[in-house]
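This report concerns only the one structure given below.
The values are calculated or read from the model by the stated rules, or taken from the named source; none is laboratory data. What you see is a predicted model, and the numbers here were worked out from it, not measured in a lab. Here the Cβ is made from the backbone with ideal geometry for all residues, glycine too, and neighbour counts use every protein chain on show. Only protein heavy atoms, including side chains, enter the accessible area calculation; ligands, DNA and RNA are left aside. Shrake-Rupley method; radii C 1.70, N 1.55, O 1.52, S 1.80 Å.
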Amino acid sequence: MAVLGIRIIGDPVLRTRADEVTEFTPELKKLVADMDETMENVDGAGLAAPQVGVSQRVFTYQVDGVRGHIVNPVLELSDELQEPAMEGCLSIPGIAGKVARHRTVRATGFDVEGNPLTLEAEGLLARCLQHETDHLDGVLFLDRLSAADRKAAWRTLRAGNYNATASSTVTQRASALGSSFGAGMGR
Ligand code: ZN
């Protein structure tokens, strides 16, 4: 296993819709094992394959002791939303912001062996599954911020001032969620 390099915003792979996995190969198993190790290494709550430069529909997650991976995930979302909460992203170091997410998720997909799996989630895990699935569609949490927060986030990004500690929401030190999604924020 190996710890993989994490792609940072600006890399086109993060803005590309990832391909469906069509074959459950040893390479896929190795990818997921490496992603798992990488996620562990940076203490992330989730990691999607495009974040390590692989445009395939698979992500790993570890939230509140629940840990796993999903290949070709499909999400069924509750109509009801959960309270907006801070998110960060390993691919967008130093930026966090409040994102609205659906309250519950029923995720279906496959494990690395090609066995079908289903995962029901709420709260933080539901949020994580939505964040990671977004990555597979080339969507970043920045896209889901309020207009004002998005503007502030981009201003910070453009300034290359990732560690700004202005009073703006997006530059506040992340809550537990933000820090776990985007390890190292606020350092
Ligand atoms: Zn992310």
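Would you confirm whether or not the stretch 138-148 contains a residue that is within 16 Å of the ligand (Cβ to nearest atom) and of a type in the set (Val, Ile, Thr)?
yes
Is one or more of the residues making up the stretch 41-51 open to solvent by 70 Å² or more (accessible area, probe 1.4 Å) and part of a helix (DSSP H, G or I)?
Yes: the stretch 41-51 contains one or more residues that are open to solvent by 70 Å² or more (accessible area, probe 1.4 Å) and part of a helix (DSSP H, G or I).
Every residue in the stretch 141-159 that is within 15 Å of Gly94 (Cβ to Cβ) and small (Gly, Ala, Ser), please.
Ala152, Ala153, Ala159
Among (1) out of contact with any Gly (no Cβ under 8 Å at 6 or more places or on another chain); (2) acidic (Asp, Glu); (3) closer than 26 Å to Gly10 by Cα; (4) in a strand (DSSP E or B), where does Asp134 come up short?
(4)
From Thr60, Thr38, which residue is more than 20 Å from Asp137 (Cβ to Cβ) and buried (at least 21 other Cβ atoms within 10 Å of the Cβ)?
That would be Thr38, the only listed residue that is more than 20 Å from Asp137 (Cβ to Cβ) and buried (at least 21 other Cβ atoms within 10 Å of the Cβ).
Mind listing whichever residues of the stretch 63-72 are assigned to a strand (DSSP E or B), touching a residue at least 40 places away in the same chain (Cβ under 8 Å) and open to solvent by 10 Å² or more (accessible area, probe 1.4 Å)?
Val66, Gly68, His69, Asn72
What are the residues in the stretch 11-40 that are more than 14 Å from the ligand (Cβ to nearest atom), outside any helix (DSSP H, G or I) and not polar (S, T, N, Q), if any?
Once the filter is applied, which keeps residues that are more than 14 Å from the ligand (Cβ to nearest atom), outside any helix (DSSP H, G or I) and not polar (S, T, N, Q), the stretch 11-40 yields Arg17, Asp19, Glu20, Val21, Glu23, Phe24.
Examine the stretch 177-186 for a residue that is surrounded by fewer than 16 Cβ atoms within 10 Å (Cβ to Cβ), modelled with pLDDT under 95 and either part of a loop (DSSP other than H, G, I, E, B) or over 12 Å from the mean Cα position of the chain (by Cα) (or both), and state whether such a residue exists.
Yes - at least one qualifying residue is present in the stretch 177-186.
Mind listing whichever residues of the stretch 78-132 are open to solvent by 30 Å² or more (accessible area, probe 1.4 Å) and among the hydroxyl-bearing types (Ser, Thr, Tyr)?
Within the stretch 78-132, Thr104, Thr108, Thr118 meet the criteria.
Can you tell me which of Leu125, Leu129 is in contact with a strand residue (DSSP E or B) (Cβ under 8 Å, 6 or more places away or on another chain) and either part of a loop (DSSP other than H, G, I, E, B) or within 14 Å of the ligand (Cβ to nearest atom) (or both)?
Just a single option satisfies the conditions, and that option is Leu129.
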